[in-house]
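A.B. asks: Can you read through this structure? Questions will come right after.
The values are calculated or read from the model by the stated rules, or taken from the named source; none is laboratory data. Just so it is clear, the structure is predicted and the values come from calculations on it, not from any experiment. Quick reminder, even Gly has a Cβ in these numbers, built from the backbone with ideal geometry, and neighbours come from all protein chains shown.
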């Protein structure tokens, strides 16, 4: 499930306004979330290598409880595995090429989106890969086996970069390839491996879903942002209307107090006055 035999190039930064980032060979300046993900993945890999495979399972202790393993509904219901499987790897080359992808491509996205959005995107692509694999297993198309690795998330990152930074170039073995071409090639390979039920069909299903999730997330970003704005505008309108009604009700209650005295108020009207007083005090504190 790793990015086998693939190397990456680095974005060249420039602070000038409107500057389009260019790619050059070299080491990127790590961003906080990417750095954290690298540390966690490497740490988990080192810890996992300490444990030998448990007899009869072929899995280590960590893999037994944290790998994605849809062998039954009991295991499928353990939803934490959709996250934890992304931090487990089953060999040095597996983690090496996945972390190379994260190391060279991740910082560009994190700088573009910010850490919170990047982390959400990264984990979501991995979750999409895991869910697609589970779906194929439950449909009887693929046989169940333990799934580990961040490849779905990494390929989602690659796809996002292919859409947002089409001038990026990646290296397949020693051959420079435009990143969009690389993404299409990888998606084609994954799709063929799944439908032909190849040796790593489960892993390739995860790859395919990660690529698809990455593309859908980025391409839908504009309408999702518009939807959020409409939702916030709707909430604000409701808030304004609620405030208007409260002011009218307070004015009515105050007039009643003026005309008939405070003893004429009902318990509900007293509660409204207390609420209005509390809201006004909160505004003054801000």
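A.B. asks: Given (1) in contact (Cβ under 8 Å) with a residue 40 or more places away in the chain; (2) under 24 Å from residue 144 (Cβ atoms); (3) assigned to a helix (DSSP H, G or I), where does residue 90 come up short, assuming only one miss?
C.D. replies: Going through (1) in contact (Cβ under 8 Å) with a residue 40 or more places away in the chain; (2) under 24 Å from residue 144 (Cβ atoms); (3) assigned to a helix (DSSP H, G or I) one by one, residue 90 breaks only (3).
A.B. asks: Also: Among the candidates 178, 166, which residue alone is under 22 Å from the mean Cα position of the chain (by Cα), more than 15 Å from residue 128 (Cα to Cα) and free of Cβ contacts under 8 Å to residues at least 40 places away in the same chain? Spell out the reasoning first.
C.D. replies: Details: 178 fails: under 22 Å from the mean Cα position of the chain (by Cα).
After ruling out the rest, the residue left standing is 166.
A.B. asks: With free of Cβ contacts under 8 Å to residues at least 40 places away in the same chain, assigned to a helix (DSSP H, G or I) and under 20 Å from residue 202 (Cα atoms) as the only criterion, which of 122, 75 stands out?
C.D. replies: Values: 122 fails: free of Cβ contacts under 8 Å to residues at least 40 places away in the same chain.
That would be 75, the only listed residue that is free of Cβ contacts under 8 Å to residues at least 40 places away in the same chain, assigned to a helix (DSSP H, G or I) and under 20 Å from residue 202 (Cα atoms).
A.B. asks: Would you mind stating whether residue 183 is assigned by TED's automatic domain parsing to the domain that holds residue 28, closer than 28 Å to residue 32 by Cβ, in contact (Cβ under 8 Å) with a residue 24 or more places away in the chain and assigned to a helix (DSSP H, G or I)? Steps first, answer last, please.
C.D. replies: Working: assigned by TED's automatic domain parsing to the domain that holds residue 28: yes; closer than 28 Å to residue 32 by Cβ: yes; in contact (Cβ under 8 Å) with a residue 24 or more places away in the chain: yes; assigned to a helix (DSSP H, G or I): yes.
Here the answer is yes, as residue 183 does meet what is asked.
A.B. asks: Among the residues in the stretch 225-239, are any closer than 29 Å to residue 184 by Cα and either outside the structural domain of residue 152 (by TED's automatic domain parsing) or assigned to a helix (DSSP H, G or I) (or both)? Step through it out loud before you land on a result.
C.D. replies: Of the residues in the stretch 225-239, the ones closer than 29 Å to residue 184 by Cα are 225-226.
Next, from what is left, pick out any that are either outside the structural domain of residue 152 (by TED's automatic domain parsing) or assigned to a helix (DSSP H, G or I) (or both): 225-226.
Checked against the condition, which is being closer than 29 Å to residue 184 by Cα and either outside the structural domain of residue 152 (by TED's automatic domain parsing) or assigned to a helix (DSSP H, G or I) (or both), the stretch 225-239 yields at least one hit.
A.B. asks: Let me ask something additional. Look at the stretch 179-191 and say how many of its residues are in contact with a helix residue (DSSP H, G or I) (Cβ under 8 Å, 6 or more places away or on another chain) and either crowded, with 19+ Cβ neighbours inside 10 Å or more than 16 Å from residue 167 (Cβ to Cβ) (or both).
C.D. replies: Applying the first criterion (in contact with a helix residue (DSSP H, G or I) (Cβ under 8 Å, 6 or more places away or on another chain)) to the stretch 179-191 yields 179-180, 182-183, 186-187, 189-191.
This time we only want the ones that are either crowded, with 19+ Cβ neighbours inside 10 Å or more than 16 Å from residue 167 (Cβ to Cβ) (or both), so: 179, 182-183, 186-187, 189-191.
Final tally of qualifying residues: 8.
A.B. asks: Okay, next question. Every residue in the stretch 162-178 that is closer than 16 Å to residue 97 by Cβ and surrounded by 15 or more Cβ atoms within 10 Å (Cβ to Cβ), please.
C.D. replies: 170, 171, 172, 177
A.B. asks: Just to be sure before I move on: is residue 193 in a helix (DSSP H, G or I) and either in contact (Cβ under 8 Å) with a residue 60 or more places away in the chain or not assigned by TED's automatic domain parsing to the domain that holds residue 94 (or both) in the structure I sent? Don't jump to the end; show me each part of the working.
C.D. replies: On the way: in a helix (DSSP H, G or I): yes; either in contact (Cβ under 8 Å) with a residue 60 or more places away in the chain or not assigned by TED's automatic domain parsing to the domain that holds residue 94 (or both): no.
Taking the combined requirement at face value, the residue does not satisfy it.
A.B. asks: Same structure again: Determine whether residue 124 is in the same structural domain as residue 47 (by TED's automatic domain parsing) and modelled with pLDDT under 95.
C.D. replies: Values: in the same structural domain as residue 47 (by TED's automatic domain parsing): yes; modelled with pLDDT under 95: no.
Judged against the criteria, residue 124 is not a match.
A.B. asks: Could I ask something else about it? Report yes if residue 202 is in contact (Cβ under 8 Å) with a residue 60 or more places away in the chain and in contact with a strand residue (DSSP E or B) (Cβ under 9 Å, 6 or more places away or on another chain), otherwise no.
C.D. replies: Working: in contact (Cβ under 8 Å) with a residue 60 or more places away in the chain: yes; in contact with a strand residue (DSSP E or B) (Cβ under 9 Å, 6 or more places away or on another chain): yes.
Spelling it out, residue 202 is indeed in contact (Cβ under 8 Å) with a residue 60 or more places away in the chain and in contact with a strand residue (DSSP E or B) (Cβ under 9 Å, 6 or more places away or on another chain).
A.B. asks: In the stretch 131-159, how many are surrounded by fewer than 24 Cβ atoms within 10 Å (Cβ to Cβ) and in a helix (DSSP H, G or I)?
C.D. replies: Number of matching residues: 7.
A.B. asks: Sticking with this one: Among the candidates 38, 100, which residue alone is at pLDDT below 95, more than 29 Å from residue 138 (Cβ to Cβ) and either in contact with a helix residue (DSSP H, G or I) (Cβ under 9 Å, 6 or more places away or on another chain) or not in a loop (DSSP other than H, G, I, E, B) (or both)?
C.D. replies: Details: 38 fails: at pLDDT below 95.
Selected residue: 100, the only one of 38, 100 that is at pLDDT below 95, more than 29 Å from residue 138 (Cβ to Cβ) and either in contact with a helix residue (DSSP H, G or I) (Cβ under 9 Å, 6 or more places away or on another chain) or not in a loop (DSSP other than H, G, I, E, B) (or both).
A.B. asks: Among the residues of the stretch 203-215, is any over 30 Å from residue 113 (Cβ atoms) and touching a helix residue (DSSP H, G or I) at 6+ places or on another chain (Cβ under 9 Å)? First the steps, then the outcome.
C.D. replies: Filtering the stretch 203-215 for residues over 30 Å from residue 113 (Cβ atoms) gives none.
Taking every residue of the stretch 203-215 in turn, none turns out to be over 30 Å from residue 113 (Cβ atoms) and touching a helix residue (DSSP H, G or I) at 6+ places or on another chain (Cβ under 9 Å).
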